[in-house]
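Step one of this worksheet: look at the structure below.
The values are calculated or read from the model by the stated rules, or taken from the named source; none is laboratory data. None of the values given here were measured: they were computed from a predicted structure. A quick note on method: Cβ atoms are made from the backbone with ideal geometry, for glycine too, and the neighbour counts reach across all protein chains shown.
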Amino acid sequence: MARLRKDHDDSEHGAGQAPGESGQGLAEYGLILALIAVVAIAALGSLGQAIVDSPGWAMFNAL
């Protein structure tokens, strides 16, 4: 049986992706990481003093 030749390489764009969508996954990943960073900073900002005033933090500083 003869092998069929492919006119393009799937590794460049990924299976099922159009040429213009090759960087979309990376951009979405970056946006998710940025959102997680903003949420983490907001949580530490609002809980920061409560964490410092906790007994566990005082025990940690005693070391």
Quick check on ALA37: is it at pLDDT 70 or above, within 21 Å of the chain's Cα centre (by Cα) and surrounded by 10 or more Cβ atoms within 10 Å (Cβ to Cβ)?
yes
Any hit, the range 5-21, residues being in a helix (DSSP H, G or I), at pLDDT 85 or above and out of contact with any strand residue (DSSP E or B) (no Cβ under 7 Å at 6 or more places or on another chain)
no
